[in-house]
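Colleague: Please read through the structure below; I'll follow up with questions.
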Amino acid sequence: MLPGAVPSPNIWHHPATYEVENRAADPDGRLWSAMADAVSWAQRDVLDLGCGTGFHLPRFAETARSVIGVEPHPDLVALARRRTRRLEHVSVEQGVAQSIPLPDASVDVLHVRWAYFFGPGSEPGLAEIARVMRRGGTALIIDNDATRSTFGGWFRRSYPSVDPVAVERFWSLHGWTRTPVEMGWRFGSRADLEAVVRIELTSPVAEAALATHEGFEVDYAVNLWSKRF
Ligand SMILES: C[S@@+](CC[C@H](N)C(=O)[O-])C[C@H]1O[C@@H](n2cnc3c(N)ncnc32)[C@H](O)[C@@H]1O
């Protein structure tokens, strides 16, 4: 594993369940719509930093000029390469946010979803973002909004050391703009929801959540942070 990689037990240890989670996320396209309102990636060069198994790469590739996924975990790099092997304008490189394996001023649109940039502590990655972005480019960072929604409450109980107020202050102080999005989760079965809840939350919080929450859907709020360079 590359130095600087943030442990991500959900996708590192359960990539198949994480795939189920990605398919269940944003069922009404509200997050993609907010991203498209913030920036167009048509005919532009896109970087997906911390791309995991490359779930989002094909979607960008539909219209982008080029798409690069960067990911520290070698097994996930292999999965992302396999997912995109027929897409000639997509490539996947092993790397970390603190040392992005790309030249200066080479990215028009940056997408980072639930990876490394969790507020305080991500300054080295922010310096790298500033280096690789072209003038006029836009960066998008997506993370949980722990201040609201059913999932936000579960997340807060699971990870009480995360201070959502400090996280929001961090992004605002660094010049990022917040767009709140009711992303949502909608699963195809109760078994899928239960499997995903168990890889995302600590065991007592997951079991308590599942004992009180019915059905296959969860309201889940995220923050889309954006910055123009
Ligand atoms: C929760 S997963 C999200 C994956 C992907 N963005 C998605 O939405 O499917 C977090 C990812 O960030 C990667 N990661 C961990 N540390 C990183 C770092 N320092 N720089 C870039 N990516 C990192 C992990 O290996 C993992 O693939």
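Colleague: Shape verdict for segment 56-107, please, from the Cα gyration tensor: rounded (a/c under 1.5), prolate (a/b greater than b/c) or oblate. Write out the running numbers ahead of the final one.
Modeller: On the way: a/c = 2.35, a/b = 1.13, b/c = 2.08.
It is oblate, given that a/c is not under 1.5 and a/b is not larger than b/c.
Colleague: While we're looking at this one, here's another question. Modelling each spin label as a point 7 Å along the Cα-to-Cβ direction, I'd like the ALA191/GLU93 distance in nm, to one decimal.
Modeller: 4.2
Colleague: Also, quick follow-up: Can you pull a Stokes-Einstein diffusion coefficient for the chain at 20 °C (1.002 mPa s), Rh from Kirkwood over Cα pairs, as a whole number of µm²/s?
Modeller: In µm²/s, the coefficient is 119.
Colleague: Additional query: Rounded, prolate or oblate: which fits segment 154-197, taking a ≥ b ≥ c as square roots of the Cα gyration tensor eigenvalues, rounded meaning a/c under 1.5, else prolate when a/b beats b/c?
Modeller: Oblate shape, in that a/c is at least 1.5 and b/c is the bigger or equal ratio.
Colleague: Would you calculate a helix-derived [θ] at 222 nm for the chain, using -39,500 (n - 2.57) for each DSSP H run of n ≥ 4 and dividing by the full residue count, to the nearest 500?
Modeller: -11000 deg cm²/dmol
Colleague: Quick one: putting +1 on the C-beta of Lys and Arg, -1 on the C-beta of Asp and Glu, what dipole do you get for the chain around its Cα centre, in Debye to the nearest 20?
Modeller: On the way: 24 positive and 28 negative charges, 104 e Å.
The dipole of the chain has a size of about 500 debye.
Colleague: Shifting gears a bit: Measure nothing fancy, just the Cα-based angle from helix 190-200's long axis to the longest principal axis of the chain, in degrees from 0 to 90, nearest 10.
Modeller: Rounded to the nearest ten degrees, it is 60.
Colleague: Rounded to the nearest 0.05, what FRET efficiency is calculated for ARG135 and ARG85 with R0 set to 45 Å and r the Cβ-Cβ distance?
Modeller: Computed FRET efficiency for ARG135 and ARG85: 0.85.
Colleague: Something else now. Nearest 10 degrees, 0 to 90: what angle lies between the long axis of helix 164-173 and the longest principal axis of the chain (Cα atoms)?
Modeller: Between helix and principal axis, roughly 20 degrees.
Colleague: On a 0 to 90° scale, report how tilted helix 203-212 is relative to the longest principal axis of the chain, with both axes built from alpha carbons and the result rounded to the nearest 10.
Modeller: 60
Colleague: Okay, next question. Quick one: order SER66, SER91 by neighbouring beta-carbon count within 10 Å, fewest to most.
Modeller: Placing the least packed residue first, the sequence is SER91, SER66.
Colleague: I'd like the distance between the alpha-carbon centres of segment 100-136 and segment 166-199, rounded to an integer number of Å.
Modeller: 20
Colleague: Provide the percentage of antiparallel DSSP beta bridges, counting only those with both residues in segment 32-171; round to the nearest 5. If you can, show how the numbers build up before the last one.
Modeller: Details: 1 of 20 bridges.
Close to 5 percent.
Colleague: Once you list every other residue whose beta carbon is under 15 Å from the beta carbon of ARG156, what net charge do they have if Lys and Arg are +1 and Asp and Glu are -1? Don't skip to the answer; put the middle values down first.
Modeller: On the way: positive: ARG148, ARG157; negative: ASP143, ASP145, ASP163, GLU168, GLU200, ASP219.
Local charge sum for ARG156: -4.
Colleague: Would you mind working out the magnitude of the charge dipole of segment 73-182 relative to its Cα centre, with +1 at each Lys and Arg C-beta and -1 at each Asp and Glu C-beta, to the nearest 20 Debye?
Modeller: So the magnitude is around 320 debye.
A short reminder: the numbers here are calculations on the coordinates, not readings from a lab. In this text the structure is predicted, and so the values were computed from the model without any measurement. So basically every Cβ, Gly included, is an ideal-geometry build from the backbone, and we count neighbours across all protein chains shown.
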